[in-house]
Amino acid sequence: MAILTAQARVAGIIGWPVGHSRSPRLHGYWLEKHGIDGAYIPLPIPPEHFTAAVRGLMYAGFAGANVTIPHKLAAFEVCDTVDETARRAGAVNRLTFRDGKISGSNTDGGGFIANLRAHGVNPAAGPAFLLGAGGGARAIAAALLAEGVAVIVANRTAARAEQLVHDLPGLKMIEWEQRDDVVADHALVINATSLGMEHKEALSLDLSRAAPGTAVADIVYVPLETNLLRDAAARGLRPVEGLGMLLHQAVSAFHGWFGVEPVVDDDLRRFVAADLLPR
């Protein structure tokens, strides 16, 4: 057990709920591995207290925080400055506190692309079909567009998809009810909703018409293998789980807060995944 000093650096993960997050386990692994005087803790904060809580963390001396569902859009608004990754996505998943100011960035898109490549999937192999229009989906859409990928989006709440298409020129959208009809036209299918997450409703998507070799990615990582990924594997498609995105997107945040650039390797993946396997 690490013993902190009065100079310890502290960060955490803000969500509501946040009990599903394995970010504390991930960052805790790196903190112990590198012998860092620091801590990374879960921060369950309801939406109505988000802004006040973030400012409180800054004034309490936190180095920063990650942000997860449902706060990524609100995190964008609370920042004094945001970088280009956050500006394009219109959402923030990493907050850094320095000199009484809050800066925001978005590492979700880069983490998603890195995870695809780690699974041998070329993100620019063909058009992508994106389910969702929240903070994670926005970051992924922006990253795919930057790779030159044609992207179509569908969301249960059409108005949010329309706003995303407005904010990211080049995107196209279809109605949620049309989602099964377009699977065959895409080389990459992505679930960026919370559907399929533990204790949530499952995602209904018909993969029977997907072309051979289609990559099916899910940003949900609890459970590690969602129904969508299980169906993709059973059909001989290329499933891409969400855990790798979590691992890759965390690298730059850890470096920024704790001063060490960590590595995503098999030992890390096994350590984090061990907490996701059925008991």
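The values are calculated or read from the model by the stated rules, or taken from the named source; none is laboratory data. These numbers come from a predicted model, not from an experiment. Note that each Cβ is placed from the backbone with ideal geometry, even for glycine, and that neighbours are counted across all protein chains shown. Each accessible area value is taken on the protein alone, full model and side chains, heavy atoms only, with ligands, DNA and RNA left out. Shrake-Rupley method; radii C 1.70, N 1.55, O 1.52, S 1.80 Å.
For the reader, a short list of remarks on this structure follows.
- Meets criteria (under 18 Å from Trp257 (Cβ atoms), under 21 Å from the mean Cα position of the chain (by Cα) and surrounded by 22 or more Cβ atoms within 10 Å (Cβ to Cβ)) for Ala86: yes
- A Cβ distance below 6 Å, combined with a sequence gap of six or more or placement on separate chains, defines the contacts here; from region 38-65, residues that are under 13 Å from Pro17 (Cα atoms) and part of a helix (DSSP H, G or I) reach residues that are among the aliphatic types (A, V, I, L, M) and open to solvent by 20 Å² or more (accessible area, probe 1.4 Å) in the pairs Phe50/Ala74.
- Condition met for Gly110 (in a loop (DSSP other than H, G, I, E, B) and open to solvent by 10 Å² or more (accessible area, probe 1.4 Å)): no
- Residues located in region 169-196, provided they are closer than 19 Å to Gly111 by Cα and at pLDDT below 95: Ser194
- The lone exception for Lys72 - which of (1) within 30 Å of Pro169 (Cβ to Cβ); (2) in contact with a strand residue (DSSP E or B) (Cβ under 7 Å, 6 or more places away or on another chain); (3) surrounded by 16 or more Cβ atoms within 10 Å (Cβ to Cβ) it fails: (2)
- Looking across region 74-120, the residues that are farther than 18 Å from Leu145 by Cα and of a type in the set (Lys, Arg) come down to Arg94, Arg98, Lys101.
- Criterion: farther than 23 Å from Ala91 by Cα, among the polar types (S, T, N, Q) and touching a Lys or Arg at 6+ places or on another chain (Cβ under 9 Å) - qualifying residue of Thr214, Thr226: Thr214
- For region 71-87, a residue qualifies if it is over 12 Å from Thr51 (Cβ atoms) and part of a loop (DSSP other than H, G, I, E, B), and the qualifying residues are Asp80, Asp83.
- Qualifying residue in region 72-90 (condition: under 15 Å from Leu246 (Cα atoms), hydroxyl-bearing (Ser, Thr, Tyr) and at pLDDT below 95): no
- Single residue of region 236-279 satisfying the filter (part of a helix (DSSP H, G or I) and among the small types (Gly, Ala, Ser)) that is farthest from the chain's Cα centre (by Cα): Gly256
- Each residue in region 2-28 was checked for being open to solvent by 50 Å² or more (accessible area, probe 1.4 Å) and touching a Phe, Trp or Tyr at 6+ places or on another chain (Cβ under 6 Å), and 1 of them qualify.
- The number of residues in region 83-102 being aliphatic (A, V, I, L, M) and without any contact (Cβ under 8 Å) to a residue 24 or more places away in the chain comes to 1.
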